[in-house]
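First comes the structure, then the notes that go with it.
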């Protein structure tokens, strides 16, 4: 397990150096997804058992998610050209101690969270896989992953297209998947990780594997995802109207007719 901690410390310290050199600490968001792949690869190269078909499928799913998410955030960052609003605000709040605070409260914290959440991706290499891929848990997990991946990817692309249209500046997106959930991308991410969890528990005992996706789900809902964005728009009258008609997380039919959505 120490090798996992060592690799993650190197990984996040490298991104901290990039953040300092670019004067943009939001670049860590690009590394978040890739850190999960780093956890899997650390287990792969230091594992006790040869990787089975199931383990390789899990690795492929994690790589697909990681590269898609990191690529999307990288492209968004390049288009925006400025530090994300969260980090820009922290930079103002932390003043002369911005580097120290960013290191311990952002980078080191994310390194710890990455190790905890993604630990099942390391542990699947420490337990022998004795079954063939294709049982009920495998198929259900794969279906959940595909559904979640599509939800997250499509929602991100829809939001990106919406923001690139200058006519939508300062407007709230209420079309596409965003018509049925205020945070369909986060719903998709939670769903796909529960899918991976179902596949992983064919190898790793559930009490080892359960905490990772549960913590990620909690963070998405209460800390870094839904809660943070809800707070950002709490004084926005259009968003308050949006909240009355649309579920926060789980997609569902809206409570008003679509015609009421257009401004």
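Each value in this text was obtained by applying a stated rule to the coordinates, not by laboratory testing. Keep in mind it's a predicted model, so treat the numbers as computed, not measured. Cβ: placed from backbone, ideal geometry, glycine included. Neighbour counts: every protein chain shown.
When a/c reaches 1.5 or more, the comparison of a/b and b/c decides; with that in mind, is the range 66-142 rounded, prolate or oblate per its Cα gyration tensor?
Oblate is the answer for the range 66-142, as a/c is 1.5 or above yet b/c matches or exceeds a/b.
Here the spin labels are modelled as points 7 Å beyond Cα on the Cα-Cβ line, and at residue 67 and residue 135 they lie 3.0 nm apart. Only helical runs count toward this figure. For the chain, summing -39,500 (n - 2.57) over DSSP H runs of n ≥ 4 and dividing by all residues gives -22000 deg cm²/dmol at 222 nm. Checking the a/c ratio against 1.5 first, then a/b against b/c, what shape does the Cα gyration tensor give for the range 134-254? Here the range 134-254 falls in the prolate category. Neighbour counting of Cβ atoms within 10 Å sorts the residues 140, 254, 100, 42, fewest neighbours leading, into 100, 140, 254, 42. Full extension of the chain between residue 2 and residue 112 gives 38.3 nm of extra length, using 0.36 nm per residue less the Cα-Cα distance.
In the range 134-254, Cα pairs under 8 Å separated by at least six residues give a relative contact order of 35 percent. Each of residue 160 and residue 211 was given a label point 7 Å from its Cα along the Cα-to-Cβ line. The distance between the two points is 3.5 nm. Oblate is the label for the range 21-76. Its Cα gyration tensor axes, ordered a ≥ b ≥ c, give a/c of at least 1.5 and b/c at or above a/b. Only one item in (i) 137; (ii) 167; (iii) 128 matches volume of the Cα convex hull per residue in Å³ derived from the coordinates shown, and that item is (iii). Residue 23 label point, 7 Å along Cα→Cβ, cut-off 20 Å on backbone N: hits in the range 61-89? Those under the cut-off are 77-89.
Gain on full extension, evaluated as 0.36 nm per residue between residue 253 and residue 89 minus their Cα-Cα distance, stands at 55.5 nm.
The simple spin-label model puts a point 7 Å past each Cα toward its Cβ; for residue 9 and residue 44 those points are separated by 2.5 nm. When 97, 174, 91 are sorted by how many other C-beta atoms sit within 10 angstrom of their C-beta, beginning with the fewest, the order is 97, 91, 174. The spacing between the range 5-22 and the range 172-239, judged by their C-alpha centroids, is 25 Å. Taking other C-beta atoms within 10 Å as the exposure proxy, 64, 69 rank 64, 69 from fewest upward.
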